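So the structure is just underneath, and the comments pick up after that.
Readers should treat all values here as calculations from the given coordinates under stated rules, not as data from a laboratory. Nothing here was measured: the structure is a model prediction, and the numbers come from that model. Note: ideal-geometry Cβ built from the backbone for every residue, glycine included; neighbour counts use all protein chains shown.
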Amino acid sequence: QVQLVESGGGLVQPGGSLRLTCVFSGSILRLYAMGWYRQAPGKQRELVATITPDGTTYYTDSVKGRFTLSKDNAKDTVYLQMNSLNAEDTAVYYCNTAPIRASLWGQGTQVTVSS
């Protein structure tokens, strides 16, 4: 059964950067599209970005030009580089397949943008 672990979150000032990492236990990046999702306090979980097996990316409008999703198939790892962070980016960030597999949710990693 595939499992995953997210990491890389933390506290950062507005305008700062973070890189999130999601490591999978199985070699699924060549087979499935992957996504980063986030859930802010009091809000529903939302899609942030996705990457297909061939490397095509999609970004929600609010992060376009600031976030970059990439992957390393050999390491079964997906990355989310987040630049120019602002308070609205504060959330717990999760990775999962796209579309979502309900059984695959991890603990997430908290990103807090605050001065």
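Tabulated data
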| quantity | calculated |
| --- | --- |
| Relative contact order of segment 36-115, pairs being alpha-carbon contacts under 8 Å that are 6 or more residues apart, as % | 27 |
| Cα-based convex hull volume of segment 1-86 per residue, rounded to whole Å³ | 102 |
| Qualifying trypsin sites (Lys or Arg not before Pro) in segment 2-88, DSSP loop, other Cβ atoms within 10 Å at most 14 | Arg30, Lys43, Lys64 |
| DSSP beta bridge pairing in the chain, given as percent antiparallel to the nearest 5 | 90 |
| Translational D in µm²/s for segment 68-115 (Stokes-Einstein at 10 °C, 1.306 mPa s, Kirkwood Rh from C-alpha pairs) | 127 |
